[in-house]
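A.B. asks: I am attaching a structure below and will ask some questions about it afterwards.
The values are calculated or read from the model by the stated rules, or taken from the named source; none is laboratory data. No experiment lies behind these values; they were computed from the predicted model shown. We place every Cβ from the backbone using ideal geometry, glycine too, and count neighbours over all the protein chains shown.
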Amino acid sequence: MRAWPPSRVAEAAGARLAAGAADGGPARVTIDSRTAGPGDLFVGLPGEHVDGGDFAEAALKAGAWGVLVAPGRAADGGGLVLEAADPLLALQSLARTWRRELGARVIGVTGSTGKTSTKDLLAAMVATAKRVTATAQNLNTEIGVPLTILGAPEGTEVLVLEMAMRGAGQIAELVEIAEPDVGVITNIGPVHLEQLGTLEAIAAEKAALIAGLHAGGTAVVPAGELLLAPHLRTDVRTVTFGSGGDVEDLGDVELPITSAHMRRNALAALAAARAVGVEPRGRIDVLLSARRGQRLELPGPLVVLDDCYNANPMSMRAALDELAATAGGRRVAVLGDMLELGPGEVRFHEEIGAYAASAGVDVLIAVGSRSAAMLDTFGGEAHAVPDAAAAAALADELVGPGDVVLVKASRGVGLEVVAEALAAGGR
């Protein structure tokens, strides 16, 4: 947007040019006033506890190109001021206009599990042939998606956008911003049951990505997923992946992955890459987002499977499968609460305890009040602790040389302290 005059930026955002002037357009858009500086457009978003508009004047004094805020929030700051009744909607509108200006192909990625890893794999595949911008870490919300789009430089040919949901209507909101050409749904599982109630409702929410594709777009979905069948469209090309699907092997692609669930994610990524005209071949180096199953080889020796960014029944099983397939000494699983599972949460945790036993786990450390239910069905050496700090202390006592340790829980449990403690201590 550097070539856009302020009037064009205001029009794209649906905002009013309230004060000031500037040469050309902004080089970057930020919602963090602490990082705002020359060339930046600072967007002051209202929050639960703080209104970002309160920091507009500071951003202008720091040399920001301009600010986009609610009316009256930057009266004394000097500089370029754009006003919009709803700064978040203005940010989203600005992103949608920039997406159209870029003319890039847009791939949206959602699903109950694996969307971040699939996004990482897909971006690496597409980058072998085209200029790509992808979601960084987990900037996958109604704020993160527009910021990712606005961070795409001129010349970007493909945008890979992860799309997350916390309730009904949120995928449709992201689709309206991004206007994807290709929609990838990694899977459907019991995630967000507390908000949506049933698997059918979860499938319908994820399928908003399919509903928002333009005629002639491409939907990439798991082979045999009956929950998505009612949402497929005859005017959209459907490509299936996985066993029995249109894409069931990686062909000539070589990836640094070993687990079955990561291979399945890679198949989804390959199908989406082909949908934008990229046929990756040979070895592809992938930088996976942090705490999504990273394998840490530590002195001792000790292996830590750091998969503690989030968890649900599907991803717990996949992680336990990976632990079972990892050679080493004892298998130690540090498993925390799975959140947002609704009335069936006790049953889901009991099922994971039984699954851990079948996966050959030797020692189970259950973290949190919900995870204590795992001990009822595990049957082996097991310990229940109240929180992540207690889990870190116990793991330090129990884990020995040659062990393989899986660390996994929902984000709110904060189990990264366990992985970090093990990494810092070595063995």
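A.B. asks: Restricting attention to the stretch 378-397, which residues are under 19 Å from A311 (Cα atoms) and more than 29 Å from the chain's Cα centre (by Cα)? Show your work before the answer.
C.D. replies: At the first step, the residues of the stretch 378-397 found to be under 19 Å from A311 (Cα atoms) are 378, 384-389, 391-392.
F378, A384 - these are the residues of the stretch 378-397 that are under 19 Å from A311 (Cα atoms) and more than 29 Å from the chain's Cα centre (by Cα).
A.B. asks: Among the residues of the stretch 294-303, is any in a loop (DSSP other than H, G, I, E, B) and hydrophobic (A, V, I, L, M, F, W, C)?
C.D. replies: First, pick out the residues of the stretch 294-303 that are in a loop (DSSP other than H, G, I, E, B): 299-301.
Right, trim to hydrophobic (A, V, I, L, M, F, W, C) and you get none.
No, the stretch 294-303 contains no residue that is in a loop (DSSP other than H, G, I, E, B) and hydrophobic (A, V, I, L, M, F, W, C).
A.B. asks: Do we have E83 as closer than 13 Å to G14 by Cα and out of contact with any Leu (no Cβ under 6 Å at 6 or more places or on another chain) here?
C.D. replies: Yes.
A.B. asks: Here's another thing I want to ask about it. Taking the stretch 143-164, which residues are buried (at least 24 other Cβ atoms within 10 Å of the Cβ) and either more than 25 Å from G189 (Cβ to Cβ) or of a type in the set (A, V, I, L, M) (or both)?
C.D. replies: V145, P146, I149, V158, L159, V160, L161, M163
A.B. asks: In addition: Tell me which residues, restricted to the stretch 122-142, are buried (at least 17 other Cβ atoms within 10 Å of the Cβ) and in a loop (DSSP other than H, G, I, E, B).
C.D. replies: A127, T135, N138, L139, N140, T141, E142
A.B. asks: Among all residue pairs at least 6 apart or on different chains, which show Cβ distances below 7 Å where the first residue, located in the stretch 99-112, is on the phi > 0 side of the Ramachandran plot and the second is modelled with pLDDT of 95 or more and surrounded by 23 or more Cβ atoms within 10 Å (Cβ to Cβ)?
C.D. replies: G111/I185; G111/T186; G111/N187; G111/K206
A.B. asks: Please enumerate the residues belonging to the stretch 405-420 that are surrounded by 19 or more Cβ atoms within 10 Å (Cβ to Cβ) and among the small types (G, A, S).
C.D. replies: A409, S410, A419 - these are the residues of the stretch 405-420 that are surrounded by 19 or more Cβ atoms within 10 Å (Cβ to Cβ) and among the small types (G, A, S).
A.B. asks: Continuing with the same structure: How many residues does the stretch 1-10 hold that are surrounded by fewer than 19 Cβ atoms within 10 Å (Cβ to Cβ) and in contact with a strand residue (DSSP E or B) (Cβ under 9 Å, 6 or more places away or on another chain)?
C.D. replies: Looking only at that region, the number is 1.
A.B. asks: Here's a follow-up. Of the residues A13, A59, which single one is surrounded by 14 or more Cβ atoms within 10 Å (Cβ to Cβ) and within 18 Å of V145 (Cα to Cα)?
C.D. replies: The unique qualifying residue is A13.
A.B. asks: Of the residues in the stretch 187-239, how many are over 16 Å from E173 (Cα atoms) and in contact with a strand residue (DSSP E or B) (Cβ under 6 Å, 6 or more places away or on another chain)?
C.D. replies: Selection size over the stretch 187-239: 12.
A.B. asks: A further question on this structure: Might you check whether a residue that is part of a loop (DSSP other than H, G, I, E, B), out of contact with any strand residue (DSSP E or B) (no Cβ under 9 Å at 6 or more places or on another chain) and under 25 Å from T326 (Cβ atoms) occurs anywhere in the stretch 261-273?
C.D. replies: no
A.B. asks: Would you point out the residue of the stretch 170-204, among those that are in contact with a His (Cβ under 8 Å, 6 or more places away or on another chain) and touching a residue at least 40 places away in the same chain (Cβ under 8 Å), that is surrounded by the most Cβ atoms within 10 Å (Cβ to Cβ)?
C.D. replies: Filtering the stretch 170-204 for residues that are in contact with a His (Cβ under 8 Å, 6 or more places away or on another chain) and touching a residue at least 40 places away in the same chain (Cβ under 8 Å), the one surrounded by the most Cβ atoms within 10 Å (Cβ to Cβ) comes out as I202.
A.B. asks: Scan the stretch 390-427 for residues that are part of a helix (DSSP H, G or I) and within 24 Å of L341 (Cβ to Cβ) and jot them down.
C.D. replies: A390, A391, R411, G412, V413, E416, V417, V418, A419
A.B. asks: Please verify whether the stretch 95-112 includes one or more residues that are closer than 25 Å to R131 by Cβ, in contact with a strand residue (DSSP E or B) (Cβ under 6 Å, 6 or more places away or on another chain), modelled with pLDDT of 95 or more and part of a helix (DSSP H, G or I).
C.D. replies: The answer is no, given that none of the residues of the stretch 95-112 is closer than 25 Å to R131 by Cβ, in contact with a strand residue (DSSP E or B) (Cβ under 6 Å, 6 or more places away or on another chain), modelled with pLDDT of 95 or more and part of a helix (DSSP H, G or I).
A.B. asks: Restricting the search to the stretch 113-140, which residues are free of Cβ contacts under 8 Å to residues at least 24 places away in the same chain and more than 15 Å from the chain's Cα centre (by Cα)?
C.D. replies: Listed by number, the list holds a single entry, A127.
A.B. asks: Also: Please verify whether the stretch 256-271 includes one or more residues that are loosely packed, with under 14 Cβ neighbours inside 10 Å and among the charged types (D, E, K, R).
C.D. replies: Scanning the stretch 256-271 turns up no residue that is loosely packed, with under 14 Cβ neighbours inside 10 Å and among the charged types (D, E, K, R).
A.B. asks: All but one of (1) of a type in the set (A, V, I, L, M); (2) surrounded by fewer than 16 Cβ atoms within 10 Å (Cβ to Cβ); (3) in contact (Cβ under 8 Å) with a residue 40 or more places away in the chain hold for V50; which doesn't?
C.D. replies: Condition not satisfied by V50: (3).
A.B. asks: List pairs: first in the stretch 284-306 and among the hydroxyl-bearing types (S, T, Y), second surrounded by 14 or more Cβ atoms within 10 Å (Cβ to Cβ) and modelled with pLDDT of 85 or more, Cβ under 7 Å, 6+ apart or cross-chain?
C.D. replies: As it stands, the answer is S289/T116; S289/D120, since those pairs meet every condition given.
A.B. asks: Now for a different question. Starting from residues that are over 18 Å from P6 (Cα atoms) and in contact (Cβ under 8 Å) with a residue 40 or more places away in the chain, keep the ones in the stretch 32-47 and report whichever is surrounded by the most Cβ atoms within 10 Å (Cβ to Cβ).
C.D. replies: L45
A.B. asks: Could you run through the stretch 415-427 and say how many residues are touching a residue at least 60 places away in the same chain (Cβ under 8 Å) and either over 15 Å from A290 (Cβ atoms) or not β-branched (V, I, T) (or both)?
C.D. replies: 7
A.B. asks: Please find, among T113, T97, the residue that is in contact with a helix residue (DSSP H, G or I) (Cβ under 6 Å, 6 or more places away or on another chain) and surrounded by fewer than 21 Cβ atoms within 10 Å (Cβ to Cβ). Working first, answer last.
C.D. replies: Numbers: T113 fails: surrounded by fewer than 21 Cβ atoms within 10 Å (Cβ to Cβ).
Answer to the check: T97.
A.B. asks: Further question on the same structure: I want to confirm something. Restricting to the stretch 311-351 and keeping residues that are assigned to a strand (DSSP E or B) and not β-branched (V, I, T), which single residue is farthest from L193 (Cα to Cα)? Even if it seems obvious, please write down each step before you answer.
C.D. replies: Going residue by residue through the stretch 311-351, those that are assigned to a strand (DSSP E or B) are 331-336.
With not β-branched (V, I, T) added as a condition, the list becomes 331, 333, 335-336.
On the way: R331: 30, A333: 25, L335: 20, G336: 18 Å.
Result: R331.
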